[in-house]
């Protein structure tokens, strides 16, 4: 066996060092791309969820509970695989009965979250929604064409009367990819001018500190008030989320009832 040339050994060592330095960035690019695709799917489903919530309010006198439940039912597939291992138990997971349990499993998944809270790691079943236990959605309503004047909404059937239900829905989408969720959450905080990140850079080992500062911030890049506080608090608690915000408007199909409008915000 011929002895290895010193130059070959040095080149091999250099390649190993370069691989070690670039590996965190390569891993993040792969995991980050996967997380972004999941977020794109969640955004599409959020548009569907705000439509379902607005329609539920339009035909249900503005009932917040109906609106919230409609939104949660639409969003469950984005963060919880409710089909699970029990699907098609009579004929196997891929048998002809594979979809027979779907309604029951969806009902069980919804029952654990019908109070507008992530199910966390508790009952029923292990590791349902990871560490998440906060609100799933925030719903803010507005009535264009008039406020809530009376429980009967006497003007509802008059010609020319138009009352529109305008809904803004915030979906606190849980980031699901390990490592990427931690890194991206801190990037989001800096991007939205909530908090800079100047500690150790998790992407480039050779650098001692990161420099993720908000810098010059335009109004479109700022999260303010309760949204910013909620995002920062959840990240502090290692509940990595991203607020997906959508709106929808629909004409009221039923008279507005004042008991459903103690405020324009639905309970969180």
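Taken together, the values in this text are just the output of simple stated rules run on the coordinates, not laboratory data. Fair warning: this is a prediction, and the values are worked out from it, not measured in the lab. No Cβ is skipped: glycine too gets one built from the backbone with ideal geometry, and neighbour counts run over all protein chains shown.
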How are the alpha carbon pair distances in the range 47-87 distributed across 5 Å bins from zero to the largest one, expressed in percent? 6, 27, 23, 16, 11, 10, 5, 1
Gain in length, residue 191 to residue 36, computed as 0.36 nm per residue apart minus the alpha-carbon separation, to one decimal in nm? 54.2 nm
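Taking the beta-carbon count within 10 Å as an exposure proxy, list 50, 170, 131 from fewest neighbours to most.
Values: 50 28, 170 21, 131 15.
Going from least to most buried by this count: 131, 170, 50.
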Taking the Cα-to-Cβ direction at residue 253 and at residue 211 and moving 7 Å from each Cα, how far apart do the two end points lie in nm? 5.6 nm
Rounded to the nearest 0.05, what FRET efficiency do residue 236 and residue 81 have when you use their Cβ-Cβ distance and R0 = 30 Å? 0.65
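Full extension from residue 23 to residue 47: what is 0.36 nm times the residue separation minus their Cα-Cα distance, to one decimal in nm?
Working: separation 24, 0.36 × 24 = 8.64 nm, distance 3.63 nm.
That pair, residue 23 and residue 47, stretches by 5.0 nm at full extension.
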Label-point separation in nm, residue 65 to residue 162, each point 7 Å along Cα→Cβ: 3.3 nm
